[in-house]
Structure formats: structure tokens, C-alpha cells
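Student: I have a structure I would like to understand better, so I am pasting it below and will then ask my questions one at a time.
Throughout, read-outs are computed from the coordinates displayed, never taken from laboratory work. Because the structure is predicted, anything quoted here is derived from the model rather than measured. Virtual Cβ from ideal backbone geometry, glycine too; neighbours counted across all protein chains shown.
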Amino acid sequence: MFSKIDNWIINLLRKIWEPFSRISIFIVFFYFGLLKVLKLSPASPLVANLLSKILAFISFDYFIIFFGLFEMFIGISFILPRIERLAILLLLIHMVIVFTPLVFLPEITWQKFLVPTLEGQYIIKNLALISLAMVIGAHLRKKD
């Protein structure tokens, strides 16, 4: 009996994993990007602090809008057919930027060695998004 239920669940997951994964990434990136564009993002102070530390010559007001639009584009890219490779590349570039506070802002992202703050946890959880993008990429058809 449990074997039949297990097989049913596995078959269901095989049918829905791809659209669910793509829509999930779309929602996360588009929504968080939109919050930045609308100047409602709770991440804005962290971004402003990072920008002042590593790219002080760039205006925060322009950067946060550009970064929000960039995130929205990544989200859209995951639901548009045939541009998944671009979406994955942009996601990886985005993640390099997103992980930098762990190094450049340790006073904000770490309570003590290997104990992240809430902001640090927020950043580290992006490993799950990277993994999800890798799964989507692993299921793309090979180009001839």
C-alpha cells in the first residue's frame, strides 16, 4: 500500500516539478525586485551599506532600481521558453553580488564565527535558489 502511494507521489512530482520550479523562481525574483524598484525592500539598508563600502561612486538610488529591474528580468527569464540558459547565467551573476555582504559586511551578516544574523541567513538561503536553477539547467535539452 505504501509503495503505491510512494509511486503516485513520485509520478505527480515528476509531472509538476518543472512548472512549479520555474514559477517559484519567477515569484521570488520578480517580487523581491519589484519591492526594490518601489523602494519598499527591507534589504535596502544592507544594499546601501554594501554599496557605500565597495562601490561608493555609484548612487544608491539608481543602483537599487537597476538591481530591482535586474532581479525582475531574472524572474521573467525563468518562465520564458528557450532563454533558461541566460536566466541561469544571470542568476549566478546575481548570486555573486548577493553573497558579497557575507565577506564585506561581517558586522551585519554574522553574530559570531559560523553564526549568521537574520540578514546572513537570508543570504545563505540563496543556496537553495542556486540548486533549483541547477536542477532546471540539468533538465534542459542539449543543443545540437
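Student: Which condition number in (1) over 23 Å from Val135 (Cα atoms); (2) acidic (Asp, Glu); (3) in contact with a helix residue (DSSP H, G or I) (Cβ under 9 Å, 6 or more places away or on another chain) is the one that Glu18 fails?
Tutor: Failing condition for Glu18: (1).
Student: Is there a residue being in contact with an Asp or Glu (Cβ under 6 Å, 6 or more places away or on another chain), farther than 18 Å from Met134 by Cα and surrounded by 12 or more Cβ atoms within 10 Å (Cβ to Cβ) anywhere in segment 35-42?
Tutor: No: zero hits.
Student: Being of a type in the set (A, V, I, L, M, F, W, C) and crowded, with 17+ Cβ neighbours inside 10 Å narrows it down to one residue among Phe2, Phe20, Phe66, Phe29; which is it? Steps first, answer last, please.
Tutor: Working: Phe2 fails: crowded, with 17+ Cβ neighbours inside 10 Å; Phe20 fails: crowded, with 17+ Cβ neighbours inside 10 Å; Phe66 fails: crowded, with 17+ Cβ neighbours inside 10 Å.
One residue alone meets the criteria, Phe29.
Student: Moving to a separate point now. Does at least one position in segment 21-43 carry a residue that is part of a helix (DSSP H, G or I), among the aliphatic types (A, V, I, L, M), in contact with a Ser or Thr (Cβ under 7 Å, 6 or more places away or on another chain) and farther than 20 Å from Leu140 by Cα?
Tutor: Yes.
Student: So which residues in segment 110-144 are surrounded by 14 or more Cβ atoms within 10 Å (Cβ to Cβ), in a strand (DSSP E or B) and not hydrophobic (A, V, I, L, M, F, W, C), if there are any at all?
Tutor: Pro116
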